[in-house]
Amino acid sequence: MDSTREIMLQSGSLYRKYRPQTFDELVGQEAIARTLRNAVALGRVAHAYLFCGPRGTGKTSTARLLAKAVNCLAPDPNQRPCNQCAACRAIASGAAVDIVEIDAASNRGVDDIRDLREKVKYAPVELRTKFYIIDEAHQLTRDAFNAFLKTLEEPPPHVVFVLATTEPDKLPDTVASRCQRFDFRRLPIDRVVERLRFVCAQEGLAVDDAVLALIARRATGSLRDALGLLERLVVFVGERAGTAPITLDLALDVLGGSRHERLAELVGAIADRDAGRALRAIAAAADAGEDLQQFGRDLTAFVRSLLHIRAGGADPLLPEESGKLAQRFTLAELAVVLRKLTGFDVPLPRSGVDPQLLLELTVVEAILALDQAQVTAPATSADRTAAAPRPASVPVAPASPAVSRGDGHITQASSSAGAPSREQSGAAADEDTLLEQLVLRWAAIRRELRSANSKAAALLADAEPRLVRGDEVILAAPYEFHRRRINEETELRRVIERVLSRHLGRPCRVVCVAPEEVETLRKRGVNESSRHESTDEAGAAGGRVEEEDAPDPRALSGDDLRRLEAAKAIFDAVELS
Ligand SMILES: [Zn+2]
């Protein structure tokens, strides 16, 4: 017994040891296994794959499995991988030089990709097909993606790329569309338990079923996490593991207060809008040695599950009391919190920001956003838009670029005549409400666009609404070629504008800028919109002094205006010109 355990511990981890070696062992991802096995058997393996899904669901294991199957020397394609031939053995031992695994989190720059592009040209050294497995592919920089795209456009015949990512939405559509995509799912509890039971039997471990269920639940669908927890338990219990069964009490003792309880406490604090309690919950997690970046990710996943539950779905991975927690929020509130939380993960790997600080900030912002959401919940705002005498919501034809700014704005100006301070109060609040509406409906909007025009939908894959200013909706998109197409291809933009207008209940124009330009635009927003308004109000309100001596943008057509604004945003040059 002891020697078995020693071997297990020496070998590093249970997860590595029990990595699936055949397609049959690909637990919980049977459809993917079947498709890949057929592709190998029929010789129809793609040049590039995109493996998406939560961590620990078998993406890189599957990539290695595929590499083995493609390179296996077994004469019958249906028997590949055989795990016996030289190729299979070399890959399994990690010694195959033609299987290159790249962690995009640490090799994310354009130079790394250029290097890769050079090496890709050479034929494989010992195998038939080279494999490049790029883990956490969404972390690649924009330039790296652009460089990589050239390789994907003309893939060398002897190379297969596998991009693995937990966040496929962050990949440029141009890259994603060149890959065959597979979505890996979180494993159901019973499948994790089943696998744990198998591993325990192999290792000669006596572990109660209740313990396995506890581990499976805590691993939230990640087999890697589950095996990691089992291993922690076994290492801790040490000598006794083989003789006496590991009981639930013992497991709770060893694994400590559950992460789920901490998450539930934190979400409860958010529900109560209790920032102090929320900060204490984060501090407690930090004290308990939680990896706060992971804790933040789990928090996001947890709130997402609550959103599903609140929307009438179910999440079998969560304990029953989560339903009660979900009921303490409205659906809109959960969406607001989730929206805030999804911002948490982004800047971490790039900056040296303390994860605890960032998590605290994100959670407090979520609580503040909830307070605002109460005032501007989408149902009420829709009612208000319908009921209030708000000329802008009267169905007029969408403002055409050909119409002069003066004409286009008459409806708005009449609502604001005699209320010179509307920028500070009514309009700004309305604009926030409209933005909120767009944010909350963004998924639906994108779905609708997909059926209306797939090109337009693809352009919006990375874009998100960030600002509403008058009849302008400012979208932010990280990739320059997306922005250019949205701003310059009038037909496509019209399609987007039509759908957005329908959701806003009023006509709108779309301008797409880089995410980093949004703040500049927002700061300028008040001055900008008052300047637009002032022409129209000049007659009605008796004229107003222009705050800035900027060039008058009113004479320009919509497209020119859009370019001008983009240029202003980029160079921040308004006051100087
Ligand atoms: Zn083989």
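For Phe198, Phe161, what's the fewest-to-most ordering of other Cβ within 10 Å of each Cβ?
Phe198, Phe161
About its Cα centre, what dipole magnitude does region 189-255 give when the only charges are +1 on Lys and Arg Cβ and -1 on Asp and Glu Cβ, stated in debye to the nearest 20?
Around 220 debye, computed over region 189-255.
Below 12 angstrom from the Cβ of Pro77, what's the summed charge of the other residues (Lys, Arg +1; Asp, Glu -1)?
With Lys, Arg at +1 and Asp, Glu at -1, the net is +2.
Would you mind calculating the gained length between Arg114 and Ala286 on full extension (0.36 nm times residue separation, minus the Cα-Cα distance), in nm to one decimal?
On the way: separation 172, 0.36 × 172 = 61.92 nm, distance 3.94 nm.
Value of the extension gain: 58.0 nm.
Which ³J(HN,Hα) values, rounded to whole Hz and listed in residue order, are derived for region 106-113 from phi using the Karplus coefficients 6.51, -1.76 and 1.60 in 6.51 cos²θ - 1.76 cosθ + 1.60 with θ = phi - 60°, glycine and proline given as x?
10, 10, 9, x, 5, 5, 4, 6
Would you please report the Å³ per residue occupied by the convex hull of the alpha carbon atoms in region 260-372?
Working: hull volume 10.4 nm³, N = 113.
That works out to 92 Å³ per residue.
Out of region 105-136, which trypsin sites (Lys or Arg not before Pro) are coil in DSSP terms and have no more than 14 other C-beta atoms within 10 Å? Don't skip to the answer; put the middle values down first.
Numbers: sites: Arg108, Arg114, Arg117, Lys119, Lys121, Arg128, Lys130; in loops: Arg108, Lys121, Arg128.
Within region 105-136, the qualifying trypsin sites (Lys or Arg not before Pro) (loop, at most 14 other Cβ atoms within 10 Å) are Lys121, Arg128.
Amide H neighbours of Arg469 under 5 Å, counting only residues 5+ apart in sequence or on other chains, H built in-plane at 1.01 Å?
Answer set, sorted by chain and number: Ile474.
Amide H of Arg509: which non-local residues (sequence gap of 5 or more, or other chain) have their own amide H closer than 5 Å, using H built in the peptide plane?
Excluding prolines and chain starts, which carry no amide H, the hits are Glu472, Val473.
For Val162, Val110, what's the fewest-to-most ordering of other Cβ within 10 Å of each Cβ?
Ranking Val162, Val110 by Cβ neighbours within 10 Å, fewest first, gives Val110, Val162.
Which ³J(HN,Hα) values, rounded to whole Hz and listed in residue order, are derived for region 178-187 from phi using the Karplus coefficients 6.51, -1.76 and 1.60 in 6.51 cos²θ - 1.76 cosθ + 1.60 with θ = phi - 60°, glycine and proline given as x?
Values per residue, Gly and Pro as x: 8, 10, 7, 9, 10, 9, 7, 9, 4, 7 Hz.
At a temperature of 25 °C and a viscosity of 0.890 mPa s, determine how fast region 43-199 diffuses translationally according to Stokes-Einstein, using the Kirkwood radius over alpha-carbon pairs as Rh; express D in µm²/s, rounded to the nearest whole number.
Calculated translational D: 150 µm²/s.
Restricting to DSSP loop positions (anything but H, G, I, E, B) with no more than 14 other Cβ atoms inside 10 Å of their own Cβ, which GluC sites (Glu not before Pro) remain in region 98-186? Provide the component values of the computation, followed by the final result.
Numbers: sites: Glu101, Glu118, Glu126, Glu136, Glu153; in loops: Glu126, Glu136.
For GluC sites (Glu not before Pro) across region 98-186 that sit outside H, G, I, E and B with at most 14 neighbouring Cβ atoms in 10 Å, the list reads Glu126.
What are the residues whose amide H is under 5 Å from the amide H of Tyr49, where those residues sit 5 or more places off or on another chain and H is modelled from the backbone?
Residues meeting the amide H criterion: Phe161, Val162, Leu163, Gln180.
May I ask you to compute the full-extension gain from Lys523 to Ser177, defined as 0.36 nm times their residue separation minus their alpha-carbon distance, rounded to one decimal in nm?
My answer for the length gained is 120.9 nm.
Which of the peptides 73-84, 474-485 is most tightly packed, and how do the rest follow, judged by the mean count of other Cβ atoms within 10 Å per residue?
Ranked by mean Cβ neighbours within 10 Å, highest first: 474-485, 73-84.
Run the simple label-point estimate for Asp76 and Asp274 please: 7 Å along Cα→C-beta, distance reported in nm.
6.5
Among 92-99, 48-55, 25-32, 283-290, how do they line up from the highest to the lowest mean number of other beta-carbon atoms within 10 Å?
Working: 92-99: 15.5, 48-55: 21.8, 25-32: 18.1, 283-290: 14.0.
Most protected by this proxy first, the peptides run 48-55, 25-32, 92-99, 283-290.
Computed from the coordinates by the stated procedures, all read-outs in this text should not be read as laboratory data. A quick note: this is a predicted structure, and the numbers were derived from the prediction, not measured. So basically every Cβ, Gly included, is an ideal-geometry build from the backbone, and we count neighbours across all protein chains shown.
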